[in-house]
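Heads up: the structure comes next, in structure tokens.
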Amino acid sequence: MATAWSEKMLQLLRKMNNFHSPGSSRARCLRFEVADQQVGWILPQMAVILKDFSDVFDPPNDGAISLSSRLDSYSKRSEVVDSVLQTLRRNDALTCLKGWRDERYDIMARYCDTPLMSMERSATSLFGVRRYGVHINGYCQSDDGELRMWLARRSATKQTYPGLLDNLAAGGLAAGMSIGATALKECEEEACIPAAIAEKARPVNTVSYTYEEEEGVFPESQFVFDLELPADFQPRVGDGEAQEFYFLPMDKVKELLVGGDFKPNCAMVVLDFLIRHSCIDPDTEPYYQEFVTGLHQTL
């Protein structure tokens, strides 16, 4: 029989995959295409805004909005689209652009493809392009087998999800950065973990989901690392992304997961950890298969 915990966890997964749910805007969205490849989804209200930039975006055709074919290189596409976004930002037309970060994400149909262009991070949801990140689970196992996990509390001044619980370290995959280098960078900057320790982090999985909000679509995939830390190691606040760290037994972590105190995608990364480390048993968790499926949705 499903428990209240199971039901809440399933609700979170459904919310983070609501773009796939009946009644979502998916049927009304237009495909966003660059060089004849679909790279995203554009909501109808954004399509109306893009009509003002007909020299950059071709008119909707056969359910798609395409970037003009005259923009035939990574640099041209990136530069011209950035100019459009800067105009929209100056016009105060879109709330998400108020969180402009001066951080660029590479845009491609699949992660293994050659990037077609780059785009300001805060604008990516407007075009429903895939965003990638790196999340690091910090944990320690005592001699008696007890598993404990390090969690971070996000700074109260963060643009997104201020004050909520997070993984030990995490960050978006910026244009031109490798996955491994991003993991090392985030460990050092956010939790003051020396490279000699952070280098022991092991890539273990990806967590993928797509959700929609009022201003856009968020297809995201997180590259997940596990980092077993020495028993006497304690992370420290670094660049101010986190304000505090907690070292908690897995029962407490599990309880916090469904208490509304977690950044949602970080809760998904922790759920994946619980499954992989056999903290959740398929004989006692009726939604075990739904959990696994919800963590690995096609983008």
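The values are calculated or read from the model by the stated rules, or taken from the named source; none is laboratory data. A quick note: this is a predicted structure, and the numbers were derived from the prediction, not measured. Ideal geometry is used to build each Cβ from the backbone, glycine not excepted, and the neighbour counts take in all protein chains shown.
The table that follows gives values for the structure above.
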read-out: Single condition SER155 does not satisfy, out of (1) within 17 Å of the chain's Cα centre (by Cα); (2) closer than 16 Å to ASP239 by Cβ; value: (1)
read-out: Near pairs, Cβ below 6 angstrom, 6+ apart or cross-chain, from region 169-191 (outside any helix (DSSP H, G or I)) to any residue that is surrounded by fewer than 20 Cβ atoms within 10 Å (Cβ to Cβ) and acidic (Asp, Glu); value: ALA174/GLU103
read-out: Single unsatisfied condition, PHE225 versus (1) within 28 Å of GLN11 (Cβ to Cβ); (2) exposed (fewer than 13 other Cβ atoms within 10 Å of the Cβ); value: (2)
read-out: Sole residue being over 30 Å from PRO264 (Cβ atoms) and of a type outside the set (D, E, K, R), chosen from VAL48, VAL56; value: VAL56
read-out: Any chance ALA183 is touching a helix residue (DSSP H, G or I) at 6+ places or on another chain (Cβ under 8 Å), crowded, with 17+ Cβ neighbours inside 10 Å and more than 28 Å from GLY260 (Cα to Cα); value: no
read-out: Candidates GLU290, GLU212 - the one that is among the acidic types (Asp, Glu) and either modelled with pLDDT under 95 or touching a Phe, Trp or Tyr at 6+ places or on another chain (Cβ under 8 Å) (or both); value: GLU212
read-out: Which listed residue is surrounded by 17 or more Cβ atoms within 10 Å (Cβ to Cβ), modelled with pLDDT of 95 or more and either within 16 Å of the chain's Cα centre (by Cα) or under 19 Å from SER155 (Cβ atoms) (or both), from VAL269, VAL253, VAL258; value: VAL269
read-out: Number of positions in region 54-74 that are surrounded by fewer than 14 Cβ atoms within 10 Å (Cβ to Cβ) and not in a loop (DSSP other than H, G, I, E, B); value: 1
read-out: Pick from region 86-98, criterion not hydrophobic (A, V, I, L, M, F, W, C) and not in a helix (DSSP H, G or I), ranking: surrounded by the fewest Cβ atoms within 10 Å (Cβ to Cβ); value: ASP92
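Each row is one residue, and each column tells you yes or no for (1) in a helix (DSSP H, G or I); (2) modelled with pLDDT of 95 or more; (3) surrounded by 14 or more Cβ atoms within 10 Å (Cβ to Cβ).
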site	(1), (2), (3)
PHE32	no, yes, yes
LYS76	yes, yes, yes
VAL84	yes, yes, yes
ARG101	no, no, no
ASP106	no, yes, yes
PRO115	no, yes, yes
